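K.L.:
Quick one: the structure is below, questions incoming.
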Amino acid sequence: MSPASGPVPASAELVAPLSTGVDLCYQSYGDPDGDPLLLVMGLGGPMNWWSAELCEQLADRGFHVVRYDNRDTGRSTVLTQKVTRAMLVRAFLGRRVRAPYGIGDLASDAVALMDHLGWDSAHVAGVSMGGMIAQTVAVQHPRRVRSLTSIMSTTGRRTVGWQDPRLLPVLIAPRRAGEEAYVEGTVRMDRLIGSPGFPADPEVSRAMARETYARGIHNDGVLRHMLAVLTQSDRTSQLRSLRIPAAVIHGLSDRMIHPTGGRATAHAIPHAELVTIEGMGHDLPPELYDTFVDVIRRTADRA
């Protein structure tokens, strides 16, 4: 579709009661007659981590954009099952652990949200754990996905896309309560996993953290997300069966998910485009918005 003109309309934040038994909070940008695009955020990430500016740019390129809070984030349903740090360590070591839910359940939430929106199919883009969810939607519900863009994610295979082991103690460390502790912890994490070639402005990170805190912080939900990631299955053989346009974006300085994860994803999906970016870590730098939008748009145009 051709780019839109004028201000991009944005909806209020809405709540969808889903057939999966959870309520998801979501927001849309752009013309409802545009190409449907579902944006799936990663571990512990609410919808506002897809910035309004990025959503508006995508809407300007002809998409009807929907971003949403996964279960256990933001204003969506927060569950109660307990996950201990010992469970996470066992899962990290490859031992069997029973998770409250898995990546497949999060993918079912995404499909149920599409049902609520009245979308028979959509273009789907996901970041990190959101990329794992988007891939799972594609392999489990191939008729629902017009195109797939997987950003800084991996296939679930343990020999690729590994995490720098020095990050695990930081991720599972007890978190101090309160807004200021959350804000400063976010700034520290941005320094650890962010893009060295596109360093985040600490004040911008603080503003985003305050917005995130105001929408709801669920530390136990983050642990449940982590366990879903650590217990996921290897999707490689299923990805080989896909017959949809696909693109993979991965930063070459990613410490959270090694670039081998992106390469393996692109290698598995027939005819997938691989875009690697020097200096990009595990975040979405504003300097790269044009690149993200171009890749998502041209991948959708192949559908």
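K.L.:
Assuming C55 fulfils every condition listed in (1) in contact with a Phe, Trp or Tyr (Cβ under 9 Å, 6 or more places away or on another chain); (2) hydrophobic (A, V, I, L, M, F, W, C); (3) in a loop (DSSP other than H, G, I, E, B) apart from one, which condition is it?
P.N.:
Among (1) in contact with a Phe, Trp or Tyr (Cβ under 9 Å, 6 or more places away or on another chain); (2) hydrophobic (A, V, I, L, M, F, W, C); (3) in a loop (DSSP other than H, G, I, E, B), the lone unmet condition for C55 is (3).
K.L.:
Has region 246-268 got any residue that is within 21 Å of L148 (Cβ to Cβ) and among the charged types (D, E, K, R)? Reasoning before the result, please.
P.N.:
Quick first cut of region 246-268, residues within 21 Å of L148 (Cβ to Cβ) only: 246-251, 254, 256-268.
From the residues that got through so far, the ones that are among the charged types (D, E, K, R) too are 254, 263.
Yes, the conditions are met somewhere in region 246-268.
One line per residue, one yes/no per condition, for (1) modelled with pLDDT of 95 or more; (2) closer than 30 Å to D201 by Cα; (3) surrounded by 16 or more Cβ atoms within 10 Å (Cβ to Cβ):
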{"position": "T236", "(1), (2), (3)": "yes, no, yes"}
{"position": "D254", "(1), (2), (3)": "yes, yes, yes"}
{"position": "E278", "(1), (2), (3)": "yes, yes, no"}
{"position": "D283", "(1), (2), (3)": "yes, yes, yes"}
{"position": "Y289", "(1), (2), (3)": "yes, yes, yes"}
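K.L.:
Here's something else I'd like to know. When both residues are 6+ apart or on different chains and their Cβ atoms are under 9 Å apart, which pairs have a first residue that lies in region 132-143 and is under 16 Å from H267 (Cβ atoms), and a second that is of a type in the set (S, T, Y) and surrounded by fewer than 24 Cβ atoms within 10 Å (Cβ to Cβ)?
P.N.:
Listed pairs, sorted by first residue: V139/S241.
K.L.:
Testing T231 on (1) within 22 Å of P169 (Cβ to Cβ); (2) crowded, with 24+ Cβ neighbours inside 10 Å, one condition comes back false. Which one is that?
P.N.:
Condition not satisfied by T231: (2).
K.L.:
Could you pull out the residue among R71, R75 that is of a type in the set (K, R), farther than 20 Å from Q135 by Cβ, in contact (Cβ under 8 Å) with a residue 24 or more places away in the chain and part of a loop (DSSP other than H, G, I, E, B)? Break it down stepwise before answering.
P.N.:
Working: R71 fails: farther than 20 Å from Q135 by Cβ.
Every option except R75 fails the conditions.
K.L.:
Out of all the residues in region 108-116, is one or more among the β-branched types (V, I, T), over 17 Å from A300 (Cα atoms) and not in a helix (DSSP H, G or I)?
P.N.:
First pass over region 108-116, keeping only residues among the β-branched types (V, I, T): 111.
After this cut, where a residue has to be over 17 Å from A300 (Cα atoms) as well, the list is 111.
Add one more test, that the residue is not in a helix (DSSP H, G or I), and what stays is none.
The answer is no, given that none of the residues of region 108-116 is among the β-branched types (V, I, T), over 17 Å from A300 (Cα atoms) and not in a helix (DSSP H, G or I).
K.L.:
May I pose another question? Looking for something within 19 Å of L284 (Cα to Cα), at pLDDT 95 or above, buried (at least 20 other Cβ atoms within 10 Å of the Cβ) and in contact with a Phe, Trp or Tyr (Cβ under 7 Å, 6 or more places away or on another chain) - is there at least one such residue anywhere in region 10-30?
P.N.:
no
K.L.:
Another question, if that's okay. Specify which of the listed residues (V248, V293) is out of contact with any Phe, Trp or Tyr (no Cβ under 7 Å at 6 or more places or on another chain) and either closer than 25 Å to L93 by Cα or in a helix (DSSP H, G or I) (or both). I'd like the intermediate steps shown before the answer.
P.N.:
Values: V248 fails: either closer than 25 Å to L93 by Cα or in a helix (DSSP H, G or I) (or both).
On inspection, the qualifying residue turns out to be V293.
K.L.:
Out of curiosity, is I217 among the β-branched types (V, I, T) and farther than 23 Å from E179 by Cα?
P.N.:
Answer is no for this residue.
K.L.:
Considering only residues that are of a type in the set (G, A, S) and touching a Gly at 6+ places or on another chain (Cβ under 9 Å), look in region 268-286 and name the one that is nearest to S51 (Cα to Cα). Break it down into steps so the answer makes sense when it comes.
P.N.:
At the first step, the residues of region 268-286 found to be of a type in the set (G, A, S) are 268, 272, 279, 281.
Of the ones still in play, those that are also touching a Gly at 6+ places or on another chain (Cβ under 9 Å) are 279, 281.
Values: G279: 20, G281: 17 Å.
Once the filter is applied, the top-ranked residue is G281.
K.L.:
Still on this structure, please answer the following. Does T260 qualify as being closer than 28 Å to R191 by Cβ and without any contact (Cβ under 8 Å) to a residue 60 or more places away in the chain?
P.N.:
Considered against the rule, which asks whether it is closer than 28 Å to R191 by Cβ and without any contact (Cβ under 8 Å) to a residue 60 or more places away in the chain, T260 comes out as no.
K.L.:
Let me ask you something else. Identify all residues within region 175-229 that are without any contact (Cβ under 8 Å) to a residue 12 or more places away in the chain, of a type in the set (D, E), closer than 18 Å to L284 by Cβ and outside any loop (DSSP other than H, G, I, E, B); write none if there are none.
P.N.:
Within region 175-229, just E203 meets the criteria.
K.L.:
Tally the residues that are polar (S, T, N, Q) and either more than 19 Å from the chain's Cα centre (by Cα) or at pLDDT 95 or above (or both), restricting the search to region 184-204.
P.N.:
Selection size over region 184-204: 1.
K.L.:
Do the conditions hold for G118, that is, is it at pLDDT below 95 and surrounded by fewer than 16 Cβ atoms within 10 Å (Cβ to Cβ)?
P.N.:
Working: at pLDDT below 95: no; surrounded by fewer than 16 Cβ atoms within 10 Å (Cβ to Cβ): yes.
Considered against the rule, which asks whether it is at pLDDT below 95 and surrounded by fewer than 16 Cβ atoms within 10 Å (Cβ to Cβ), G118 comes out as no.
K.L.:
Does G44 satisfy being at positive phi and surrounded by fewer than 18 Cβ atoms within 10 Å (Cβ to Cβ)?
P.N.:
On the way: at positive phi: yes; surrounded by fewer than 18 Cβ atoms within 10 Å (Cβ to Cβ): no.
So G44 does not fit the description; no.
K.L.:
Residues to consider are G104, G94; find the one that is of a type outside the set (S, T, N, Q), surrounded by fewer than 18 Cβ atoms within 10 Å (Cβ to Cβ) and under 21 Å from G131 (Cβ atoms).
P.N.:
G104
The values are calculated or read from the model by the stated rules, or taken from the named source; none is laboratory data. Not measured: the values here are computed from a predicted model. Every residue, glycine among them, receives a Cβ derived from its backbone with ideal geometry; neighbour counts consider all protein chains shown.
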